[in-house]
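Quick notes on the structure that follows.
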Amino acid sequence: MNSISKLYKVKDIDKKLEYTLDELIQDGVTKKDIEYLTFYGYLKNNDNKYILTDTFFAKYAKKLKFFNRDEESAQKCFLKSLEINPNNKSALLSFFIDILKKENFKESDFHHVVSIYSRLSIIDDYRYSDNNFYLFLLNYIGKLPDSCYEYLKLLEKENFLLSKREQPNDLERDIINKIRKKALNLDFRGAIKAYNDYAHIASAPANHITISRLLLFRAINSQNKYNERLNYLLYIGDYANALGYLEMLNRRNILSEKQELILISLRCLLNLITLDKVPQLINHKLITTTLDEAIKNHDFKEALELAKEENYNEKNHLFAILKLINNISNSKIMEEEYPLDATFRDNYYMNAIKYYIRHFKLTEALLTMHKFLRVINKCEYESIMITIIKLYLFSKNEYGKLFTKIMLNISKSDFEITDYLNINKEFNTLDDINIYLEKLIDPIEYEKKLERIM
């Protein structure tokens, strides 16, 4: 029996940290064993008392976990190891992997994983590209602290790839870097399949392969959720909220190439519909030959033609957006030369204003409302609608529902504002109604949020 195995059998090892020389010898640990265990950091000699170290408990936890299959006792030992030394790499890695393996992975688990990663990246700072690659995947899985986003923005593609110092074996380094390039291009499924194939021949640390595969698996789940949410918003034509969602993903720097093209197109579409801003070419001399070149240059006429050549059709969200941009751009005055379906138009303006309200862009919200009322020839309601927008923005959320109801009905010929307001119908004029509504705005909240906006 080797020295470490003898130490496992010492009495009360799950309760005591300190032992005398006699106690250890009595339990079968020889002086030679003690010398060995002290030299390798499993025991610490302190005034002739031998203290069990974090290294020992981490080692013991692995035995319990992998040989005894006693997960509960192993967890206690890992925790004991971290109590003694919060930066014990072995214990942190174990918790890191165990949390990522959880079936019911929650937001709180993600924050726990990020916390452990932060400590591991300091301990394992020589694994520079590994740490960067893990952070890239964590960024895709959930919301990281702002400092992490700023750090990721500074990194080049090479910073995620293994160097010769990190992996001297040329063949394995090349394989891993090809896998990482797939992941960096958001091909997480291709990357995880390649990792599965590589695992059979790998000489790299097993933990690296395990962590990479687990993070890729979590990234695939997140990718599915992002795509489902975006596709739903595009399917129902809620372009304002789709734009807001893509802007959020863009701030986290996790857009796919296709999503980036949709983002550029939606920005132009929203400006076109709400502010009559027809997209202008960025570079008039540029001859575009691909769809992404055309969209990035705001050449949406050419983009639509290239999309047709690539067999895009009406069911494709990007194609639908490109077609709409072209249809509206070709009409010099949207509401006169290319009248949109009234329901689509009202929904679109409503969602655009809601987008601006959620992002505290009061000026844009009021400008869009002004344009909408001009389009439907209901300018007499502008003062009231401005006040309702302010109530929506500065007061309780109930005014959001009121705003939605009014926006969906205001263009109707029989519309009466008093039908939607819980007020006395004996008000003589719209100005009287507006004066009443203005008094409902919370002055304290108004001042607070106005400072934030202006």
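Note on the range 354-382: residues that are basic (K, R) and under 38 Å from the mean Cα position of the chain (by Cα) amount to 4. When we screen L216, L263 for residues that are touching a Leu at 6+ places or on another chain (Cβ under 9 Å), farther than 21 Å from Y117 by Cα and not assigned by TED's automatic domain parsing to the domain that holds H359, the only hit is L263.
Pairing each residue of the range 398-419 that is more than 16 Å from T387 (Cβ to Cβ) and in the same structural domain as K371 (by TED's automatic domain parsing) with any residue that is among the hydroxyl-bearing types (S, T, Y) and loosely packed, with under 13 Cβ neighbours inside 10 Å, provided the two are 6+ apart or on different chains, yields C-beta distances under 9 Å for L408/T343.
Going by the conditions given, is K425 at pLDDT 70 or above and among the charged types (D, E, K, R)?
Values: at pLDDT 70 or above: no; among the charged types (D, E, K, R): yes.
No; evaluated as a whole, the condition is false for this residue.
Looking only at residues in the range 208-225 that are within 17 Å of L93 (Cα to Cα) and of a type in the set (S, T, N, Q), the one that is surrounded by the most Cβ atoms within 10 Å (Cβ to Cβ) is S212.
For K65, are the conditions met, namely being in a helix (DSSP H, G or I) and not assigned by TED's automatic domain parsing to the domain that holds Y117?
yes
Yes or no, residue by residue, for (1) crowded, with 17+ Cβ neighbours inside 10 Å; (2) hydrophobic (A, V, I, L, M, F, W, C); (3) part of a helix (DSSP H, G or I); (4) not assigned by TED's automatic domain parsing to the domain that holds L261:
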site: T288; (1), (2), (3), (4): yes, no, no, no
site: A294; (1), (2), (3), (4): yes, yes, yes, no
site: H298; (1), (2), (3), (4): yes, no, no, no
site: E302; (1), (2), (3), (4): yes, no, yes, no
site: N327; (1), (2), (3), (4): no, no, yes, no
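For the range 167-180, which residues satisfy the criterion of being without any contact (Cβ under 8 Å) to a residue 40 or more places away in the chain and surrounded by 15 or more Cβ atoms within 10 Å (Cβ to Cβ)? Outline the logic, then answer.
Looking only at the range 167-180, we keep the residues that are without any contact (Cβ under 8 Å) to a residue 40 or more places away in the chain, and these are 167-179.
Scanning the range 167-180 gives Q167, E172, R173, I175, I176, N177, I179.
Could you tell me whether the range 98-109 includes any residue that is part of a loop (DSSP other than H, G, I, E, B), among the polar types (S, T, N, Q), assigned by TED's automatic domain parsing to the domain that holds Y134 and surrounded by fewer than 12 Cβ atoms within 10 Å (Cβ to Cβ)?
Going through the range 98-109, the residues part of a loop (DSSP other than H, G, I, E, B) turn out to be 102-106.
Retained after the next criterion (residues that are among the polar types (S, T, N, Q)): 104.
Still in the list and also assigned by TED's automatic domain parsing to the domain that holds Y134: 104.
Then drop every residue that is not surrounded by fewer than 12 Cβ atoms within 10 Å (Cβ to Cβ), which leaves 104.
Looking through the range 98-109, at least one residue is part of a loop (DSSP other than H, G, I, E, B), among the polar types (S, T, N, Q), assigned by TED's automatic domain parsing to the domain that holds Y134 and surrounded by fewer than 12 Cβ atoms within 10 Å (Cβ to Cβ).
The values are calculated or read from the model by the stated rules, or taken from the named source; none is laboratory data. Note that the structure is a prediction, hence the values are computed from the model and not measured. Neighbour counts run over all protein chains shown; Cβ positions are idealised from the backbone, glycine included.
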